[in-house]
Amino acid sequence: MNYWIGVVSRSHVLRGVAGGFAQMNHGKQAPLRRMKAGDGLIYYSPREAYPDGAPLQAFTALGFIRSGDVYAHDMTPDGVPGFVPWRIDVDYQAVQRAPIKPLIGQLDFITDKTHWGAAFRFGQVKISEADFRRIAEAMGCGELPAAVSASSTWEIERSLPVQAKLF
């Protein structure tokens, strides 16, 4: 199991959460292909909207990759003719956004605490389970299991609708 951060504006994150999918790097396929079923995903949103929305600098969504199947989605019916981004299905958890600044000193993947934004420049960051747990806690996710596996009871809990979650 791996843990990832995707860098996406909050307005785009909200679309993904509502639809149960993830897109990254303006619909590119490669970042999604790195993720496998069961992997954890947290979205970091530098801004409310892309490209020039109000600054946000917060973690805005958390979920787990459902099947790992990456697929193209034609957005012509959604009013964006000719745009066919790649998507992957995600089971999102009920969380609240968490500002990054109070967490910078605790996150190991941010090696330069002064120029911390550089850690996000490529749009996708692989992080440790410990960092994932720190961020999840800040987002109000509560206790996550010690190890997440397909045979655990956590797998059953993750399949419940977001409204049925305890956290």
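The values are calculated or read from the model by the stated rules, or taken from the named source; none is laboratory data. Predicted model, so just to flag it, every value in this text is computed and none were measured. FYI the Cβ positions are ideal-geometry reconstructions off the backbone, even for glycines, and counts take in every protein chain you see.
Taking the conditions exactly as written (small (G, A, S) and either over 15 Å from the mean Cα position of the chain (by Cα) or at pLDDT below 95 (or both)), does A61 satisfy them or not? Here the answer is no, as A61 does not meet what is asked. Every condition in (1) assigned to a loop (DSSP other than H, G, I, E, B); (2) surrounded by 15 or more Cβ atoms within 10 Å (Cβ to Cβ) is met by K113 except one, and the failing one is (2). So, of the residues in the stretch 76-93 that are of a type in the set (A, V, I, L, M) and in contact with a strand residue (DSSP E or B) (Cβ under 9 Å, 6 or more places away or on another chain), which turns out to be nearest to I42 (Cα to Cα)? Residue satisfying both the conditions and the ranking: V90. Answer yes if at least one residue in the stretch 123-138 is under 16 Å from G27 (Cβ atoms), within 16 Å of the chain's Cα centre (by Cα) and not in a strand (DSSP E or B), and no otherwise. There is at least one residue in the stretch 123-138 that is under 16 Å from G27 (Cβ atoms), within 16 Å of the chain's Cα centre (by Cα) and not in a strand (DSSP E or B).
Among the residues of the stretch 1-13, the ones that are buried (at least 17 other Cβ atoms within 10 Å of the Cβ) and over 10 Å from the mean Cα position of the chain (by Cα) come to 3 in all.
Selection over the stretch 138-158 of residues that are at pLDDT 95 or above and exposed (fewer than 15 other Cβ atoms within 10 Å of the Cβ) gives a count of 1.
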